[in-house]
Amino acid sequence: MLTHSVVKGSLPNRFRELWDEIAPVGRDDRSGGYLRYALTEPELRLREWFRAQAERRGMPVTDDGNGNLFAWWGDPEAGDAVLTGSHFDSVPHGGAYDGPLGIVSAFLAVDELRAAGVTPARPVAVAAFVEEEGARFGVPCLGSRLLTGALAADRAAGLRDAAGVSFAEALGARPAGARPELLGRFAAFVELHVEQGRALVEQDVPVAVASAIWPHGRWRFDFTGEGNHAGTTRMADRRDPMLTYAFTVLAANKEARLRGAHATVGRVAVEPNATNAIPSRVTGWLDARAAEPETLAGLVEAVHGKVAERARRDGTEVALTEESATPLVAFDGGLAGRLATLLDAPVLPTGAGHDAGVLAGHLPTAMLFVRNPTGVSHSPAESASDDDCAAGVTALARVLEELT
């Protein structure tokens, strides 16, 4: 059994030493946030750091052909392995902890178990999943969706970033797609993640276990109208898609509040994007989430209906495309309860999506949350103390010992 004496006093310092190795990579000096888009230079540097950390520990690294990396403590072919880890990529100007904390903590948890003399009866694999945020190629949890077959390799290969680079080009090969033989080697997945809220602050505890992920998705609204001159076109003669877009933002906000759901329009593209020109086309992306799938479906349907009516009045056209959708994910109840008892930790739901949500449909899955004192995420204000991160490492080590 892992004892407190293994980690007492030294673990927060060792966490900080390892954390400082990656902290500068991809940080924007202006915002203080991170620009670690999948398969770009900063994220590629972190992937090399991952390989170096694995080599330092004698852990062979495999690539599943989709851009997901796995570092193995034990025989990769043995089967019945316990998987842990997270992702390196960020949202634009995102926080430091979302994703990388799960990878750093996984390596340190392996260190803790080895220092305690633990020899696992089954392999442990540390994962670095590619494109979890979807900030570059538009589909969140892209790597885990490919691995599990939730997304076809052909569709993923053709996804393009803002510069027109395809995922296949960035990856350097056509993605392999579903890998059932690899999935079959895993007996469970546990993802450690910084909390994206303040529940642990309010409960005054450093670590929690997740119960479920709200159903959520991304929908693209394409608004088309008539581009024209801002100074010579009478107001009565305009077919301005920006007006329809602006109405959509307000409608989504209202419908979400009425339903106790979440709706966010945080990305927009305008053509021709000139100050003195009425737009000819506006594209906006809706992120919507709710506790129940029926609520989510009703929210999107209500917004679309109101927007279609507004478009008729504005003389514009609107098309709605579902880009991704994730159903309600209830984590393995027996596993979550077992870990909550093991750690004496509270159980919390979350409205955020994770690779764990994709993998939960294929193998027993759980999540651990580490306290975030600001409650802010996807922002430079996201944070966690070294002591709480060390508590997360200790919790993860206990979980890995229990499961192996």
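How many of the residues making up the stretch 89-98 are more than 13 Å from PRO140 (Cα to Cα) and either assigned to a loop (DSSP other than H, G, I, E, B) or of a type in the set (A, V, I, L, M) (or both)?
Step one: list which residues in the stretch 89-98 are more than 13 Å from PRO140 (Cα to Cα), which gives 92-98.
From the residues that got through so far, the ones that are either assigned to a loop (DSSP other than H, G, I, E, B) or of a type in the set (A, V, I, L, M) (or both) too are 92-93, 95-98.
Looking only at that region, the number is 6.
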- [ ] Look at the stretch 62-85 and say how many of its residues are among the small types (Gly, Ala, Ser) and assigned to a strand (DSSP E or B).
- [x] 3
Open item on the list: So for the stretch 121-133 (the condition being charged (D, E, K, R), crowded, with 24+ Cβ neighbours inside 10 Å and farther than 22 Å from MET367 by Cα), does at least one residue qualify?
Closed with: no
Task: Count of residues meeting criterion [modelled with pLDDT of 90 or more and either open to solvent by 10 Å² or more (accessible area, probe 1.4 Å) or of a type in the set (Asp, Glu) (or both)] in the stretch 337-359 - done: 12
Task: Residues satisfying the stated conditions in the stretch 186-229, i.e. among the β-branched types (Val, Ile, Thr) and either modelled with pLDDT of 95 or more or over 30 Å from VAL307 (Cα atoms) (or both) - done: VAL190, VAL194, VAL201, VAL205, VAL207, VAL209, THR224
Task: Elements of type helices (runs of 4 or more DSSP H) contained in the stretch 172-285, each with 1 or more residues being among the hydroxyl-bearing types (Ser, Thr, Tyr) - done: 241-259
Open item on the list: So ALA288 ticks every box in (1) out of contact with any helix residue (DSSP H, G or I) (no Cβ under 9 Å at 6 or more places or on another chain); (2) assigned to a strand (DSSP E or B); (3) not charged (D, E, K, R) but one. Which box is left unticked?
Closed with: (1)
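Collect the residues in the stretch 74-99 that are over 20 Å from ALA360 (Cβ atoms), among the acidic types (Asp, Glu) and open to solvent by less than 20 Å² (accessible area, probe 1.4 Å), keeping them in residue-number order.
Filtering the stretch 74-99 for residues over 20 Å from ALA360 (Cβ atoms) gives 74-78, 88-97.
Subset that is among the acidic types (Asp, Glu): 75, 77, 89.
Across the stretch 74-99, the qualifying residue is only ASP89.
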Task: Unique residue being within 18 Å of the chain's Cα centre (by Cα) and open to solvent by 50 Å² or more (accessible area, probe 1.4 Å) when the list is PRO364, PRO327 - done: PRO327
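Is there a residue in the stretch 186-197 that is more than 29 Å from GLY65 (Cα to Cα) and crowded, with 24+ Cβ neighbours inside 10 Å?
Just the residues of the stretch 186-197 that are more than 29 Å from GLY65 (Cα to Cα), to begin with: 195-197.
Still in the list and also crowded, with 24+ Cβ neighbours inside 10 Å: 195.
Within the stretch 186-197, one or more residues are more than 29 Å from GLY65 (Cα to Cα) and crowded, with 24+ Cβ neighbours inside 10 Å.
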Open item on the list: Tally up the residues in the stretch 111-126 that are touching a residue at least 60 places away in the same chain (Cβ under 8 Å) and assigned to a helix (DSSP H, G or I), please.
Closed with: 4
- [ ] Could you grab me the full set of residues in the stretch 31-61 that are among the polar types (S, T, N, Q) and either part of a loop (DSSP other than H, G, I, E, B) or open to solvent by 50 Å² or more (accessible area, probe 1.4 Å) (or both)?
- [x] SER31, THR40
Task: Selection within the stretch 271-290 - small (Gly, Ala, Ser), crowded, with 17+ Cβ neighbours inside 10 Å and out of contact with any Leu (no Cβ under 8 Å at 6 or more places or on another chain) - done: SER280, GLY284
Task: Positions within the stretch 291-303 being part of a helix (DSSP H, G or I), in contact (Cβ under 8 Å) with a residue 60 or more places away in the chain and surrounded by fewer than 18 Cβ atoms within 10 Å (Cβ to Cβ), in sequence order - done: PRO293
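The values are calculated or read from the model by the stated rules, or taken from the named source; none is laboratory data. As the structure is a prediction and not an experimental result, all values here were calculated from the model. Cβ sites come from the backbone with ideal geometry, for glycine too, and all protein chains shown count toward neighbours. Surface areas here come from the heavy atoms of the whole protein model, side chains and all, with no ligands, DNA or RNA. Shrake-Rupley method; radii C 1.70, N 1.55, O 1.52, S 1.80 Å.
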